[in-house]
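Visitor: The structure under discussion is supplied below as structure tokens; questions concerning it will follow.
The values are calculated or read from the model by the stated rules, or taken from the named source; none is laboratory data. This is a predicted model, so every value here is computed, not measured. Every residue, glycine among them, receives a Cβ derived from its backbone with ideal geometry; neighbour counts consider all protein chains shown.
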Amino acid sequence: DASDIEKGTYPHYMLKEMDEQPGVVRKIVQEYSNSLGELTIDDNILEAIKEADRIYIIAAGTSYHAGLVGKQYFEKLARIPVEVHISSEFGYNMPLLSEKPLFIFITQSGETADSRQVLVKVKELNYPALTITNVPGSTLSREADYTLLLHAGPEIAVASTKAYVAQVAVLAIAAYVTGKSLGKGEDFDLKHELGIVANGIQTIVDSKNELEQVAEDYLKIARNAFFIGRNLDFCVSVEGALKLKEISYIQAEGFAGGELKHGTIALIEEGTPVFALATQEQVALNIRGNVKEVVARGANACIISMEGLNEEGDRLVIPKVHPLLTPLVSVVPLQLISYYAALHRRCDVDKPRNLAKSVTVE
Ligand code: G6P
């Protein structure tokens, strides 16, 4: 559809693509529902996943960050052990493989050279490979045994937003359907919960004024910024930092809250922005403890919590969603904050310097 790749009234593709995210989640739910309205994946793919004694996720950039979330989904919902590897590192340092590995390539474009090289090796070794991609007929899709499509529509902005959300949603569905089929995992209605997620994302993309203000309050004169989180919030903190680096050129680092004291706290000065995610109940107190530590050293801390876990003074509160699905929602304010920080600095949001949408060279 030609309208998919036109900006329309939007100043940037990135803004348009962030706005499309609620629709992407709904579309994925529709695409992965059977005639009874139940979530499903292709039988052959389901069998391939069920046969695996270990999953190796291979990806780069934002897709790697989606893989970190995917690991938790397959381990919690299907009880299958997972390793997540950066494509470019895998070749030098191939892990000892299990007896029945399944390789899952996560790639928006399906063309990333670093990931392709791993797939070539995997096929030489005759192991099964599944590609999760936004581009039907892409190289990684054609060369793998199986494909799960993201159905996110074309993503034009170099910084990936809706593809990340789509990747996490498709990983959730694949892990959930596998867990159900194996009679393992958590008992909840993922389809219903993804509907709540779509509405939650909508609430966030409708609060652009507030997010623009956050970007101004925390990042206008910042030289650097830190993103902290624990458990699933940690996975999102690294993606939040990458988004900010890519489009605003502010040096940013995302890491586990517990690691603060092991080094990074040395960098906290008067006014240093620290974005702290607090959507995971079992670690909310610990992350709030981290915030106290950085505030005591002068940091300008922005707590992003979730309804039900929020406390007075939290700068942003995301709508309540299932605890496993928070990455789909908490990433969105971070995307928008990065966008507005980049605008303030007059950066070329859709085409950041030195970056390419898909990197087809090693
Ligand atoms: C490039 C893009 C990133 C993307 C990465 C992996 O570096 O600029 O946004 O995350 O490649 O791309 P892929 O298409 O494999 O997901």
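Visitor: Quick check: anything in the stretch 326-336 free of Cβ contacts under 8 Å to residues at least 60 places away in the same chain and closer than 22 Å to residue 250 by Cα? Step through it out loud before you land on a result.
Guide: The first filter runs over the stretch 326-336 and keeps only residues free of Cβ contacts under 8 Å to residues at least 60 places away in the same chain, leaving none.
Checking the stretch 326-336: not a single residue is free of Cβ contacts under 8 Å to residues at least 60 places away in the same chain and closer than 22 Å to residue 250 by Cα.
Visitor: If you don't mind, there's one more thing I want to ask. Within the stretch 350-362, how many residues are crowded, with 16+ Cβ neighbours inside 10 Å and over 22 Å from residue 116 (Cβ atoms)?
Guide: 3
Visitor: Could you tell me whether residue 52 is of a type in the set (A, V, I, L, M, F, W, C), surrounded by 24 or more Cβ atoms within 10 Å (Cβ to Cβ) and in contact with a Pro (Cβ under 7 Å, 6 or more places away or on another chain)? Give the derivation first.
Guide: On the way: of a type in the set (A, V, I, L, M, F, W, C): yes; surrounded by 24 or more Cβ atoms within 10 Å (Cβ to Cβ): yes; in contact with a Pro (Cβ under 7 Å, 6 or more places away or on another chain): yes.
So residue 52 passes the test.
Visitor: Can I ask one more? Please enumerate the residues belonging to the stretch 210-265 that are touching a helix residue (DSSP H, G or I) at 6+ places or on another chain (Cβ under 6 Å) and of a type in the set (Ser, Thr, Tyr).
Guide: Correct list: 248 only.
Visitor: Okay, moving on. Of everything in the stretch 76-94 that's in contact with an Asp or Glu (Cβ under 6 Å, 6 or more places away or on another chain) and over 23 Å from residue 323 (Cβ atoms), which residue is surrounded by the fewest Cβ atoms within 10 Å (Cβ to Cβ)?
Guide: Applying the filter and picking the extreme gives 88.
Visitor: Assuming residue 349 fulfils every condition listed in (1) aliphatic (A, V, I, L, M); (2) out of contact with any His (no Cβ under 8 Å at 6 or more places or on another chain); (3) within 29 Å of residue 111 (Cβ to Cβ) apart from one, which condition is it?
Guide: (2)
Visitor: For the stretch 141-164, how many residues are touching a helix residue (DSSP H, G or I) at 6+ places or on another chain (Cβ under 6 Å) and either of a type outside the set (Lys, Arg) or under 13 Å from residue 103 (Cα atoms) (or both)? Full working, then the answer.
Guide: As a first pass, look at the stretch 141-164 and keep what is touching a helix residue (DSSP H, G or I) at 6+ places or on another chain (Cβ under 6 Å): 143, 146-148, 150-157, 159-162, 164.
In the following step, the residues that additionally are either of a type outside the set (Lys, Arg) or under 13 Å from residue 103 (Cα atoms) (or both) were identified as 143, 146-148, 150-157, 159-161, 164.
Going through the stretch 141-164 one residue at a time, the tally reaches 16.
Visitor: On the basis of being part of a helix (DSSP H, G or I), among the charged types (D, E, K, R), surrounded by fewer than 23 Cβ atoms within 10 Å (Cβ to Cβ) and without any contact (Cβ under 8 Å) to a residue 24 or more places away in the chain, does residue 261 make the cut?
Guide: Numbers: part of a helix (DSSP H, G or I): yes; among the charged types (D, E, K, R): yes; surrounded by fewer than 23 Cβ atoms within 10 Å (Cβ to Cβ): yes; without any contact (Cβ under 8 Å) to a residue 24 or more places away in the chain: no.
No; evaluated as a whole, the condition is false for this residue.
Visitor: Still on this structure, please answer the following. What pairs come out if I take residues in the stretch 44-60 that are more than 13 Å from residue 129 (Cβ to Cβ) and within 16 Å of the ligand (Cβ to nearest atom) and pair them with residues that are modelled with pLDDT under 95 and not small (Gly, Ala, Ser) whose C-beta lies under 9 Å away, six or more apart or interchain?
Guide: The qualifying pairs are 60/359.
Visitor: Then there is this: Please pick out the residue among 303, 337 that is among the aliphatic types (A, V, I, L, M), touching a Leu at 6+ places or on another chain (Cβ under 6 Å) and more than 30 Å from residue 185 (Cα to Cα).
Guide: Numbers: 303 fails: touching a Leu at 6+ places or on another chain (Cβ under 6 Å).
Step by step, each of 303, 337 is checked, and only 337 is among the aliphatic types (A, V, I, L, M), touching a Leu at 6+ places or on another chain (Cβ under 6 Å) and more than 30 Å from residue 185 (Cα to Cα).
Visitor: If I filter the stretch 286-296 for residues that are closer than 26 Å to residue 339 by Cβ and either within 16 Å of the ligand (Cβ to nearest atom) or among the hydroxyl-bearing types (Ser, Thr, Tyr) (or both), do I get at least one hit?
Guide: no
Visitor: Could you look through the stretch 188-203, keep only residues that are touching a Pro at 6+ places or on another chain (Cβ under 6 Å) and among the polar types (S, T, N, Q), and pick out the one that is surrounded by the most Cβ atoms within 10 Å (Cβ to Cβ)? Before you say what the answer is, go through the steps one by one.
Guide: Residues of the stretch 188-203 touching a Pro at 6+ places or on another chain (Cβ under 6 Å): 198, 200-203.
When the remaining residues are screened for being among the polar types (S, T, N, Q), the result is 202-203.
Values: 202: 18, 203: 13.
Result: 202.
Visitor: Do we have any residue at all in the stretch 236-252 that's part of a loop (DSSP other than H, G, I, E, B) and free of Cβ contacts under 8 Å to residues at least 60 places away in the same chain? If you could, list the steps in order and put the result at the bottom.
Guide: If we filter the stretch 236-252 for residues that are part of a loop (DSSP other than H, G, I, E, B), which is where we start, we get 249-250.
From what is left, the residues that are free of Cβ contacts under 8 Å to residues at least 60 places away in the same chain are none.
Among the residues of the stretch 236-252, not one is part of a loop (DSSP other than H, G, I, E, B) and free of Cβ contacts under 8 Å to residues at least 60 places away in the same chain, which makes the answer no.
Visitor: Search the stretch 114-166 for residues being in contact with an Asp or Glu (Cβ under 8 Å, 6 or more places away or on another chain), assigned to a helix (DSSP H, G or I) and over 27 Å from residue 342 (Cβ atoms), and hand back the single one that is farthest from the ligand (Cβ to nearest atom).
Guide: 123
Visitor: May I ask you to say which residue of 13, 73 is more than 20 Å from residue 188 (Cα to Cα), at pLDDT 95 or above and surrounded by 19 or more Cβ atoms within 10 Å (Cβ to Cβ)?
Guide: Working: 73 fails: more than 20 Å from residue 188 (Cα to Cα).
From the options 13, 73, the qualifying one is 13.
Visitor: Another question about this same structure. If we scan the stretch 326-349, do we find a residue that is buried (at least 18 other Cβ atoms within 10 Å of the Cβ), in a helix (DSSP H, G or I), touching a Gly at 6+ places or on another chain (Cβ under 6 Å) and modelled with pLDDT of 95 or more?
Guide: Checked against the condition, which is being buried (at least 18 other Cβ atoms within 10 Å of the Cβ), in a helix (DSSP H, G or I), touching a Gly at 6+ places or on another chain (Cβ under 6 Å) and modelled with pLDDT of 95 or more, the stretch 326-349 yields at least one hit.
Visitor: With the requirement that a residue be of a type in the set (A, V, I, L, M, F, W, C), farther than 18 Å from residue 51 by Cα and away from the ligand (no atom under 12 Å from the Cβ), what does the stretch 95-113 give you? Give the derivation first.
Guide: Residues of the stretch 95-113 that are of a type in the set (A, V, I, L, M, F, W, C), as a first pass: 96-97, 102-106, 113.
If we keep only those that are farther than 18 Å from residue 51 by Cα as well, we get 96, 106, 113.
Answer for the stretch 95-113, where residues must be of a type in the set (A, V, I, L, M, F, W, C), farther than 18 Å from residue 51 by Cα and away from the ligand (no atom under 12 Å from the Cβ): just 96.
Visitor: Which of the numbered conditions does residue 269 fail, given that it passes all the others? Conditions: (1) of a type outside the set (A, V, I, L, M, F, W, C); (2) in contact (Cβ under 8 Å) with a residue 40 or more places away in the chain; (3) surrounded by fewer than 23 Cβ atoms within 10 Å (Cβ to Cβ).
Guide: Every listed condition holds for residue 269 apart from (2).
Visitor: Could I ask something else about it? With the checklist (1) under 30 Å from residue 76 (Cβ atoms); (2) in a loop (DSSP other than H, G, I, E, B) in hand, flag the one item residue 312 doesn't pass.
Guide: (1)
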